[in-house]
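Down below is the structure, laid out as structure tokens.
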Amino acid sequence: MSLKKILNTLLALLLFAGIIQAQEQASHPKKMYRNEAGRLFANKHQPMYLMLSTSPGAEGDSQRLESESSPKYANPFYFDSEGLNTIRTPSQVDPETKKLVYPVADVVFEVYADGIAPTTKATFNKAKKYLRNDSLYYGDGLQIELSANDKTSGLEAIYYSVNGTAFKQYSDIIKLTEENHYSLKYYSVDNVGNIEALKEKQFTIDKTPPAVNWKLVGDVSGKTVSARSKIELMAVDKSSGVSHIKYQLNNEPVKTYTQAINLSMIENGNHDFKFWASDKVGNRSDGSSHTQDIAGGDMTAFSFVIDYDPPEAIASIEGDQYQGKYLYVSERSKCILDAKDNQLVIDRTMYGLNRVEIDKQYQGPFAFDTEKDLQAIYFESYDMVENKSKPGKLTVFMDTEAPLSGIDYSGPQFFNRDTLFINKSTNINLFSEDNASGVQKIVSKINGKQEQETSSFKIPEEGFYEIKFSSVDNVNNKETAKTSQLYVDNEGPDVFINFSIKPTRQESVDGKNINVYPPFVKLYIGATDKHCGTKDIYYSVDGGTMKNYNGNGSPSNMELFKEERIYSVKVEATDKLGNGKAETLQFKISRN
């Protein structure tokens with residue numbers, strides 16, 4: 001063993017020896033005692049000797065008495081009876097006359113033998129008491145009163161020791177204020193030295209209240225709970241033990257806690273909750289007196305909120321959508337699930353493809369099934385205390401096909417040599433069909449210029465054109481662009497007028513030179529068109545009715561100009577698109 005351990009062991013032994021010595025009872029020798037009334041008391045356990053003296057004081061001749069008949073029991077002798085004992089001599093003699101007193105009587109000397117120690121009682125006051133597992137506990141304010149009784153010689157003193165301190169004489173009430181485990185030892189001594197057997201009381205002063213706490217169990221988020229939740233109260237006391245837990249909800253009467261507090265019958269909203277615990281000796285966790293059973297003091301309190309209201313689950317669509325007969329979506333569309341709650345944040349949203357299996361947790365926008373046309377999403381949301389929304393349903397129609405569009409020309413048109421010819425009056429009509437969400441718009445570009453949404457238009461300027469067109473449905477499915485090529489021809493045929501004979505001369509008429517022909521002259525009309533070809537030629541003479549040049553009475557095969565005068569012939573030619581040109585010719589017929 002190391003020197004340090006040896007020294008520690010010796011120190012512990014010395015301390016223990018000191019405690020034992022401090023706890024030893026004081027020396028109380030056996031003795032005789034004469035009280036105020038003159039009675040003599042002797043300790044019954046003390047050896048006694050009889051002495052004769054010629055003087056009441058010490059100066060006289062003094063001799064110890066011996067017994068010739070019973071020397072074994074005479075020096076010393078012991079009183080045999082508790083209480084009054086007598087020593088007698090036969091016959092009383094008058095101290096004055098020295099003569100026998102009649103009637104004859106003994107001279108009696110009274111001695112009170114006391115061989116019984118006092119009895120001490122310890123009374124514990126001013127504090128609540130509780131016995132737990134053979135251990136005695138007292139609350140705060142404990143006062144201990146010691147009292148003793150002796151039947152014969154009387155009480156000399158009471159002595160006590162607390163927790164191993166030296167015994168001291170009891171004079172006043174013992175007040176113990178510190179929380180601790182105590183050993184109180186005490187005894188009494190009477191006036192002739194009889195010592196009471198040492199008594200001991202072991203007990204604990206418990207001034208610490210129980211530790212009490214609360215817990216919200218069930219559907220809990222912070223201090224917000226659902227109606228399905230409960231409040232649990234827990235108290236622990238390491239000494240005397242928990243007596244009870246009290247609580248108060250809002251301003252309702254105080255109640256004793258016996259089991260978890262069900263919140264299903266408490267109204268929606270904010271609530272204040274107070275609680276405290278008492279131990280078996282009256283210590284309360286709120287610091288107030290154990291005699292009170294009302295809310296008060298610095299008790300533990302907290303506030304909580306009961307949320308009965310479920311969230312509202314919401315579905316929306318991100319991207320392409322159109323409300324028609326159905327809510328139409330495209331393969332680019334996504335479903336967004338959301339929820340709102342008046343008090344709490346949303347814990348989760350679940351969804352599924354049928355009302356029974358709403359088993360997928362929403363993580364973010366998700367696409368619809370492109371293999372189905374009409375489909376439904378079922379969903380519901382939970383707040384942080386498990387209040388569940390009403391189930392929601394979102395029905396959509398998946399539209400994955402683009403519209404089909406076409407082009408139609410109404411009005412003048414002519415197709416020749418793989419080319420479509422139109423003119424400025426031709427209507428160009430774009431049309432489209434869609435079997436689901438419907439057509440949103442038709443767009444076109446002419447010769448790569450700016451896109452336009454007009455579905456019916458005309459092209460005024462002559463020339464070659466390429467029209468690219470396509471349509472978009474209401475969920476933005478776009479058709480692949482189509483192309484139509486055409487030529488806009490706005491110019492009529494060139495008109496040619498010829499005579500069957502050359503003019504004989506020219507004359508000036510109204511300041512203009514005109515040709516002069518003989519009466520048998522014939523007139524020939526022709527027209528050429530560089531794109532579509534000539535369709536019709538008409539003429540009229542002197543403002544008359546327009547006639548078809550190819551019909552009966554044509555000036556090419558009849559002599560229409562026989563009279564001698566000035567003629568005015570108007571000629572109009574049209575191509576296959578209806579484009580026309582007109583020429584007017586004046587000439588004169590004369591025989592000369």
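All of the numbers you see were taken from the coordinates with simple rules; none came from a lab. What you see is a predicted model; the values in this text were computed from it and never measured. Here Cβ is always computed from backbone atoms with ideal geometry, including for glycine, and neighbour counts include all displayed protein chains.
Ordering V104, S568, G438 by the projection of their Cα atoms onto the charge dipole of the chain, which places +1 on the Cβ of Lys and Arg and -1 on the Cβ of Asp and Glu, puts S568 at the extreme positive end. For the pair E24 and D494, label points projected 7 Å from Cα toward Cβ lie 15.9 nm apart.
First check a/c for segment 344-484, with a ≥ b ≥ c the square roots of the eigenvalues of its C-alpha gyration tensor; if it is under 1.5, answer rounded, and if not, answer prolate when a/b is larger than b/c or oblate otherwise. Since a/c reaches 1.5 and a/b is larger than b/c, the shape of segment 344-484 is classed as prolate. Take the Cβ atoms of L65 and K168, set R0 to 30 Å, and the FRET efficiency comes out at 0.10.
In plain terms, if you count all Cα to Cα distances in segment 119-205 and split them into 5 Å steps from zero, the share in each step is 3, 14, 25, 23, 17, 10, 6, 3, 0 percent.
Here the calculated FRET efficiency for R348 and T395, from their Cβ-Cβ distance with R0 = 22 Å, stands at 0.45, rounded to the nearest 0.05.
Cross-linked pairs K129/K207; K128/K238; K325/K445; K230/K255: Cα-Cα separations exceed 20 Å for K325/K445. Each other residue within a Cβ distance under 9 Å of S183 adds +1 if Lys or Arg and -1 if Asp or Glu, for a net charge of +1. Listed values for segment 539-544 are Karplus-derived 3J(HN,Hα) couplings in whole Hz (6.51 cos²θ - 1.76 cosθ + 1.60, θ = phi - 60°), namely 9, 9, 10, 6, x, x, and x replaces Gly and Pro.
Charge dipole (Cα centre; +1 on Lys/Arg Cβ, -1 on Asp/Glu Cβ; no other charges) of segment 404-488 amounts to roughly 180 debye.
I want the antiparallel fraction of DSSP beta bridges within segment 494-589, as a percent rounded to 5. Roughly 90 percent of the beta bridges in segment 494-589 run antiparallel, per DSSP. Rounded to the nearest whole Hz, the Karplus-based 3J(HN,Hα) values (6.51 cos²θ - 1.76 cosθ + 1.60, θ = phi - 60°) of segment 82-99 follow the sequence 6, x, 5, 10, 10, 10, 10, 10, x, 6, 8, 10, 5, x, 8, 8, 6, 9, with x at glycine and proline. Placing +1 on each Lys and Arg Cβ and -1 on each Asp and Glu Cβ, with no other charges, gives segment 196-243 a dipole about its Cα centre of roughly 220 debye.
One quarter of the surface of the convex hull around the alpha-carbon atoms of segment 269-402 equals 12.2 nm², the direction-averaged projected area.
Considering helices alone, the calculated mean residue ellipticity of the chain at 222 nm is -1000 deg cm²/dmol, with DSSP H runs of length four and up weighted by -39500 (n - 2.57) and normalised per residue. The gain in end-to-end length when the F457 to D94 segment is fully stretched comes to 113.3 nm, 0.36 nm per residue minus the alpha carbon separation. Derived scalar couplings between HN and Hα for segment 178-194 equal 8, 6, 5, 8, 10, 10, 9, 10, 7, 7, 10, 10, 8, 6, 10, x, 6 Hz in order, rounded to whole Hz, by the Karplus curve 6.51 cos²θ - 1.76 cosθ + 1.60 (θ = phi - 60°), x for Gly and Pro. Across q = 0.06, 0.12 Å⁻¹, the chain modelled as identical point scatterers on its alpha-carbon atoms has Debye log10 I(q)/I(0) values of -0.76, -1.21, in the order of the q list.
Using the basic label-point model (7 angstrom from Cα toward the beta carbon), what is the A105 to A260 distance in nanometres? Here the answer is 9.2 nm between the modelled labels. Normalised by the number of residues in the chain, the mean separation of alpha-carbon contacts (under 8 Å, six or more apart) gives a relative contact order of 7 percent.
Since only P29, A527, L337 are under comparison, the one whose Cα sits farthest along the positive direction of the charge dipole of the chain, derived from C-beta charges on Lys, Arg, Asp and Glu, is A527.
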